[in-house]
Amino acid sequence: RFCSPCDIKELFCTATGLSRYSTMYVYVCVVEVFSILKAFKINELKTEVTNRLAMLEKRVELEGMKVVEIEKCRSDIKKLREEMASRNNSFLDDNKKLTPRRDVPSYPKYMLSQQTIDALRKPTFDVWLWESNEMLSCLEHMYHDLGLVKDFNINPIMLKRWLLCIHDNYRNNPFHNFRHCFCVTQMMYSMICLCNLQEKFTQVDILILMTAAVCHDLDHPGYNNTYQINARTELAVRYNDISPLENHHCAVAFQIFSQSDCNIFANFDPEAFKQIRQGTITLILATDMARHGEILDSFKQKVDNFDFTNEEHVTCLKMVLIKCCDISNEVRPMEVAEPWVDCLLEEYFMQSDREKVEGLPVAPFMDREKVTKPTAQIGFIKFVLIPMFETVMKLFPQIEEVMVQPLRESRDRYEELKQIDDAMNEVSSDLFYYYYYYYYFLTGISYFLLIIPIGAEKEE
C-alpha cells in the first residue's frame, strides 16, 4: 500500500524476467494482480520476492515513518506474502481492459536536527540556507508537528507526493517562487506556535491556514494583477478582472488535490472537504493587495471586542494572518530580508520593461528609472506593514518584540539610507553644475583667445 509504483513495477519485472525499463500495465483488481505472479517459476519467485520485500521493509523504516504507519506496512507486507503463498497458478486474461498507472517520484529525505526544528518555530529562521528537498522536509515536519497528519489521518506518503507536486507547480520567478511559498508557510507556522493559535482555533482552522499558505501563489507567472488586467491576458478574461492571479492559484491548488495520488484530503467526508475548500479559497483570495484596506478595516472593527467563538471574527483573523505572512519579509533579520527586496525589484523591473514595450501604464514603484530600495520600502513598511502588525498585536501582544519591533527598526534603517541617498544626490547635483559652468567658462576663454588673433589680422 505504501510502496511507490516504481517498486511494484520492479517486482513484476523480476517475476517475468523482463527488463526493468519495460512498459507495464496493471489491473485495478488486486486479486488478478497477485494471480499473475504464480504463472512463473514459483520457487525462484518466492526467494526473489522475499528479498525484495525485506528491502522494502528496510526502506519504510529509513523513511522515518511513525510507528503506527510502520506496523501498518508490515501488516500489509505479511498479508501480501500470505496471499502469494495461497494463490494457485493462473494467467492474465488478455481480454481485460488495462489501466495504466503513473509513477510518482520522491525527493531525497532530509533528517532535521533538533537545532533546525527549534529554529523553524521562530520568525528569525534563515530561509536562504536550504535546498528544495530540505524545504520539502521542513514543510512535511510542520504538518506532523502540528498534529495534522495524525488528527486527519493523512497518508504520510500522500503528503510527500502532494508537497512534491506543489514544488513542481511553482515557477522559477525572481520572487514568486517555491522559496517564497516556503517562507510564507514557515512564518505561518511560527505565528501558530508564537501566538498559541492551537489553543484558540480548531485543528480544521490550523489545517486551512497551513494549506492556504503552501498554495497561495501556485503557478504565479511573475506579472501582477495590474498587468494581467491592462494586457487583457487569458487569466484576466477568465476571471473577469477580479483577482485573476489569486483565483488562478486556487484553481491550480484544487486541480492538484483532484489527483488521487496527491489528495491529502482523501479521508475527509464530502462536508468536511467542502469546509476545507471554502476556507482555503477565502484565505488565498485575501492575499490580493487590492483588498488590503477592506480586510484590515473589517478586522479593526472587530479586534477590540474579538470573539473566538464567532465564525465571522475567526475568518477575518485568518485572512489577516495569511496577509501578514505573505508580506512578512521585513520581519526577518536584515541579512535575510534584504535579498528579498532585490528579488522583488527584479520581478517588478521585468514587468515594467515589458509594459513599456507593450505601451501599457507603468507604476512608478516598479520603474527601474524611478525607484530605489529605500523609496520602495519606506512607504510600504510605514503605511502597510506596521499598521497591520500593530493591529494584530492588540490580540497577541507577544508579537511586538519579535515582529513589530523589527519592522520599526527596518523602517528607521531605510529612512537613514534614503537620507544618505538624498545627500549623495545633492552633492552629485552640485558637482554637475560646478563642472557645467566650469566647462562653459573654459569654452568662453578659448573662444576669446581664438578671436583676438583673427581681429588683429583684419586690422593689419
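A quick yes/no check of all residues on (1) surrounded by fewer than 17 Cβ atoms within 10 Å (Cβ to Cβ); (2) at pLDDT 95 or above; (3) farther than 22 Å from Asp219 by Cβ:
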residue	(1), (2), (3)
Phe91	yes, no, yes
Asp94	yes, no, yes
Pro105	yes, no, no
Asp118	yes, yes, yes
Pro123	no, yes, yes
Leu136	no, yes, no
Leu146	no, yes, yes
Val149	no, yes, yes
Trp162	no, yes, no
Selection count, region 270-288, where residues are under 14 Å from Ile322 (Cβ atoms) and crowded, with 18+ Cβ neighbours inside 10 Å: 9
Some residue of region 245-257 being open to solvent by 60 Å² or more (accessible area, probe 1.4 Å) and at pLDDT 95 or above: yes
Any pair with Cβ under 6 angstrom, 6 or more apart, that starts in region 306-322 at a residue that is in contact (Cβ under 8 Å) with a residue 12 or more places away in the chain and ends at one that is open to solvent by 50 Å² or more (accessible area, probe 1.4 Å): Phe308/Lys200
Selection status of Val204, open to solvent by 10 Å² or more (accessible area, probe 1.4 Å) and assigned to a helix (DSSP H, G or I): yes
Qualifying residue in region 354-363 (condition: modelled with pLDDT of 95 or more, within 24 Å of the chain's Cα centre (by Cα), in the same structural domain as Asp412 (by the TED database) and open to solvent by 50 Å² or more (accessible area, probe 1.4 Å)): no
Some residue of region 227-238 being in a helix (DSSP H, G or I) and touching a residue at least 60 places away in the same chain (Cβ under 8 Å): yes
Residues (open to solvent by less than 60 Å² (accessible area, probe 1.4 Å) and part of a helix (DSSP H, G or I)) located in region 292-311: His292, Gly293, Ile295, Leu296, Ser298, Phe299, Lys302, Val303
Pairs with Cβ under 6 Å, 6+ apart, first in region 166-183 and more than 11 Å from Val214 (Cβ to Cβ), second among the small types (Gly, Ala, Ser) and open to solvent by less than 30 Å² (accessible area, probe 1.4 Å): Asn173/Gly222
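The values are calculated or read from the model by the stated rules, or taken from the named source; none is laboratory data. Remember, it's a predicted structure, so these values are computed and weren't measured experimentally. Cβ sites come from the backbone with ideal geometry, for glycine too, and all protein chains shown count toward neighbours. Side chains included, ligands, DNA and RNA excluded: accessible areas come from the protein's heavy atoms. Shrake-Rupley method; radii C 1.70, N 1.55, O 1.52, S 1.80 Å.
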